[in-house]
Structure formats: structure tokens, C-alpha cells
Amino acid sequence: MKSTGGVLRELRGAQKPAKGVSLYSRYVNRPAGRVFAAVAFRLGMTPNQVTLVSAAFTFAALASVALVRPSWGLAVLVYLGLAVGFALDSADGQLARLTGRGGPDGEWLDHVVDCAKMILVHTVVLISFHRYFGLPSDGWLLLPLGFLFVAVLTFCAGLLREQLGKAAAAPAPAGGAAVSVPVSRIRAVVLLPADYGVFCLVFLLLGDETAFRTGYAVLAAVHALFLVAFLGKWFRELRALRAG
């Protein structure tokens, strides 16, 4: 059987393109996922099994937000559960590319888990707000609902952009990669606030109601701005494909 080091070397050559990926995903989540993928390969796990393990970590962490009174100890455990779940979410795809065992069922399962995660993460915040937080007013209960709306719309619109653009997309012009490198690096920094891994960091503030509420509200506003920018960008791209 291949050594873990050998598997890691192969996984480095089985990565998705870095374009459109934030610095966190590029330098933290994907490398962590690579380690998990190597371990999963050594254990003989399938990509779908890794996806289910990822879901178990994520959903256990989210359930604790809804069921346990906020504290600093809970904050650390929730963050670790979400961060590990996110790294495993990267590992399943890397393992699939390494082994050639990916398929429509795996992609479907991965998207289902992602969708469930996105809905639950804001739902449990709403439940925690209602059960445990001393909110200044009931209006704060609308914040998780608004964030949920933004997250679902971003997810669905982005997925549709990807699927609708696949058939009509034209090959990239030769030499374009060299021009896009600095732009890609700038984009990687700009996209940090929209990265799920960065979003998970807000749960480290769960031990202080005001800090968590403030951090969550700031991220909600930033994600709303990104949604507006993404919708305009994706619409223009799809319209350009039709015109081409």
C-alpha cells in the first residue's frame, strides 16, 4: 500500500484550480482536507463515506448551538466541529479525484450536505437567539432569517451559474492564465469574508452574546453585499455566453 507521504504527493496534483478561491480555502482548508483525504485513503474509505463523516462533525456542532447554553467552552467545540467538517468536505472531492471513484451520486450527496449545512447554520443561530440570548429587541430574530435568505440565494444562484455555463462556456484564450495570476491573488483576499471557513470563526465569539451578535451581523451585511455583486457578475457572464 502507498505510504501516507506518497498519497499526499499524489493529492497535491489532484487539486481543483485556485481561481475564485479565497486564501483560507487555498492555504488552510484544502491542505487540511488533503491530510484527511490521505488518511481516508489509507483506511480504505470511499468519498461518500468521507462526506458522511463531514456531515456528522458539522451537524453535531450545529446541534450543540441550538441545544446548549452559549459559553466559551462551547464556542471552541463548535468551531472545531465546523472547521473539521469543512476540511472533510474538501477531503471527499480530493479522495474522489485521487481514486477515480467520484460520480454523480457523490456530487449529489455533497451538494445535499452543503445545502443542509447552509440552512441549519442560520437556523440554529435563530434558535439560540430565542432560547438563550438577552436580545435588545425581538427584531434581532430577523437577522438569522435574513442571513439564511442571502446564503440560500447565493448558493442556488451560484450553482445555476455553474451548471448553465458549462455547456455554453468557450475555452479560455491562450496566455490568459499569466495575466490572471495577480488578479486571482487579489480576488483570493477579497473573497475571505465570504468564505465559509472564515464565517465559522464567528462561533469563537459565542461565549459573549454582544460580541457574537455583532460579529454575526457584520458578516450578514458583508454577505449581502457579496450577493449583490455576485448576482450582477453571474448575470453578465451568462448574457455574454448567450451573445457569443
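Per-peptide packing, taken as the mean over residues of other Cβ atoms within 10 Å, places 148-158, 122-132 in the sequence 122-132, 148-158 from highest down.
Ordering Trp108, Trp140 by accessible surface, largest first, gives Trp108, Trp140; the 1.4 Å probe counts only protein heavy atoms, with every chain in place. Viscosity 1.306 mPa s, temperature 10 °C: give me the Stokes-Einstein translational D for region 35-163 in µm²/s, with Rh taken as the Kirkwood radius over C-alpha pairs. Value of D from the Cα-based Kirkwood radius: 99 µm²/s. Peptides 233-241, 209-217 ranked from most to least packed give 209-217, 233-241, packing being the mean of other C-beta atoms within 10 angstrom over each peptide's residues.
The gain in end-to-end length when the Ser184 to Lys233 segment is fully stretched comes to 16.1 nm, 0.36 nm per residue minus the alpha carbon separation. Centre-to-centre, using Cα atoms only, region 117-134 and region 135-162 are separated by 12 Å. Measuring r between the beta carbons of Leu201 and Asp138 and using R0 = 30 Å, the FRET efficiency lands at 0.65.
The values are calculated or read from the model by the stated rules, or taken from the named source; none is laboratory data. Computed from a prediction, not measured in an experiment: that's the story for all the values here. Methodologically, a virtual Cβ is constructed for each residue, glycine included, from the backbone with ideal geometry; neighbour enumeration extends over all protein chains shown. Heads up: the accessible areas ignore ligands, DNA and RNA and are worked out on the full protein's heavy atoms, side chains in. Shrake-Rupley method; radii C 1.70, N 1.55, O 1.52, S 1.80 Å.
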